[in-house]
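Remarks on the structure that follows.
The values are calculated or read from the model by the stated rules, or taken from the named source; none is laboratory data. Since the model is a prediction, treat every value here as computed from it, not as a measurement. Every residue, glycine as well, gets a Cβ built from its backbone with ideal geometry; the counts of neighbours run over all protein chains shown.
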Amino acid sequence: MRYGGNTSCVQVVSRDVIIILDCGTGVRELGLELLKTRKPPIEAHILLGHTHWDHIQGFPFFPPALAPGNRITVYSARGYEKPLKQILEGQMDYTYFPIRLAQMASDIEFRELDEETFDIGHIQVKTHFLNHTVLTMGYRLFSGGKTVVYATDTEPFGTYHTGANGASGDKLSAFVHEGDRRFVAFVAGADVLIHDTQYTEAEYPQKIGWGHSTVEYAIEVALAGQVRHLVLFHHDVTRTDEQVAELENYARKLVRERGADLQVSAAAEGWEIDLEERNEMRVHRATVSAAPVARRYKLLFADDDPEVTNLLRECFSDPELYEVHVVRDGNAAVDTALQVEPDLILLDMLMPGKDGYTITKALRRHPSMKHVPILVITGFPNEENEARGFQIGVTDFMRKPFALSQLRARVQMWLHRKDQPHVSGSILA
């Protein structure tokens, strides 16, 4: 009754540009409000974080999309199995819904994204892959000197240390995993960070691999990135209004104990944040990545457990998308990688012959293996060893236990990045 019961939907408006972040059930009431307050034709840009049902189920009920003359553009991460239009058509099959996508009277376009920067009117949009159970985008919006970042659904890439941030003068000292450090760079300097905070640190051990964050992690990210206002988002559906309020107070208490100047608020339906933009010319012009060429990806899986490799084969079973190679020991991993030249290598840390680090060091000595993503699976996480792993050339770590869907999303993330080699660098500098 207080914080709201609709699924994810946030509107960002700057002058005549309307951006809608996710298209959950909240978009229905937003659409009705737009029909009341905006003169036709209405032009809206819908940025989907991902296509799980709670983030797209409002689309068929978005009134402006049903009216002729309006223009709707829908954006999402480029998928491998199905195009975005087909996914939205799927939930509007006649079995589930009386209106087909083709019957929606507005002009609807679809655009699939990699990690890139582009313009929507005068607003600059930057995208970044998050850590969820399906390929998921975060969005950084910039206009008139003001920045809003939307980052849901996501969970920590590795462990983090509450309270360690900045203790040594290093803004990133709370994080070991490069994925978390890259994420902090993405949110750095934001005026508003809307961040997944579904769980608390105490609840998280039972939810690892579900693709959602803790309030403590969001605070560490916000402090490391010197964010001004953190909005707690994606509330757990089991919480009462009173419990959400308690979580907000708890988060504010943590920030006060750190002596930090960070505003914290729990998101609630109908709540508005006003940011005063400056009238300024932007020197930087957005660069749009070239349309990807459809191709088949070569994957190498090295694991001595047949049950694991069988699951991996099943996870990447589409022969039109993936050519899968499986080996059971470290020596074979090196030989096969040099022979096949895969697009991505997935290594178990411990297996006969050579361990994951020895394999990585051997491969990185070869020019053809310099930029191939190497993901290491470990069941015995050790932060010092992980830090060493990143130094010797490991691209990413997956800590057991994890969901296969999350591993699949991580593999697809690195295949995207391999296709877009220009995406690099930090905005913390």
**Request:** Could you run through the range 221-252 and say how many residues are assigned to a helix (DSSP H, G or I) and closer than 24 Å to His50 by Cα?
**Result:** 2
**Request:** Scan the range 1-29 for residues that are touching a residue at least 24 places away in the same chain (Cβ under 8 Å) and within 23 Å of Ser76 (Cα to Cα) and report the count.
**Result:** 20
**Message:** Name the single residue that is surrounded by the fewest Cβ atoms within 10 Å (Cβ to Cβ) among those in the range 358-405 being touching a helix residue (DSSP H, G or I) at 6+ places or on another chain (Cβ under 7 Å) and of a type in the set (Ser, Thr, Tyr).
**Reply:** Thr358
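Quick check: anything in the range 163-182 closer than 29 Å to Glu384 by Cα, acidic (Asp, Glu), in contact (Cβ under 8 Å) with a residue 24 or more places away in the chain and surrounded by fewer than 21 Cβ atoms within 10 Å (Cβ to Cβ)?
Taking every residue of the range 163-182 in turn, at least one turns out to be closer than 29 Å to Glu384 by Cα, acidic (Asp, Glu), in contact (Cβ under 8 Å) with a residue 24 or more places away in the chain and surrounded by fewer than 21 Cβ atoms within 10 Å (Cβ to Cβ).
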**Message:** Tell me whether the range 209-217 contains one or more residues that are under 29 Å from Tyr75 (Cβ atoms), acidic (Asp, Glu) and touching a residue at least 24 places away in the same chain (Cβ under 8 Å).
**Reply:** no
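If we keep just the residues of the range 84-108 that are of a type in the set (A, V, I, L, M, F, W, C) and part of a loop (DSSP other than H, G, I, E, B), which is nearest to Pro40 (Cα to Cα)? Outline the logic, then answer.
So the first thing to find is which residues in the range 84-108 are of a type in the set (A, V, I, L, M, F, W, C), and the list is 84, 87-88, 92, 97, 99, 101-102, 104-105, 108.
Subsequent filtering for residues that are part of a loop (DSSP other than H, G, I, E, B) retains 92, 97, 99, 104-105.
Details: Met92: 25, Phe97: 27, Ile99: 22, Met104: 16, Ala105: 14 Å.
The selected residue is Ala105.
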**Asked** Residue check, Glu320 against (1) exposed (fewer than 15 other Cβ atoms within 10 Å of the Cβ); (2) in contact (Cβ under 8 Å) with a residue 12 or more places away in the chain; (3) of a type in the set (Asp, Glu); (4) under 19 Å from Ala409 (Cβ atoms), all met but one. Which one?
**Response** (4)
**Some residue of the range 344-359 being within 21 Å of Glu178 (Cα to Cα), assigned to a loop (DSSP other than H, G, I, E, B) and basic (Lys, Arg)** = no
**Message:** List pairs: first residue in the range 406-421 and surrounded by fewer than 21 Cβ atoms within 10 Å (Cβ to Cβ), second residue in a helix (DSSP H, G or I) anywhere in the structure, Cβ distance under 6 angstrom, at least six positions apart or on different chains.
**Reply:** Arg408/Cys315
**Message:** Among the residues in the range 226-237, are any at pLDDT below 95 and not assigned by TED's automatic domain parsing to the domain that holds Thr7?
**Reply:** yes
**Fill in**
(1) under 21 Å from Val149 (Cβ atoms); (2) more than 21 Å from the chain's Cα centre (by Cα); (3) touching a residue at least 24 places away in the same chain (Cβ under 8 Å) all hold for Gly225 apart from (2)
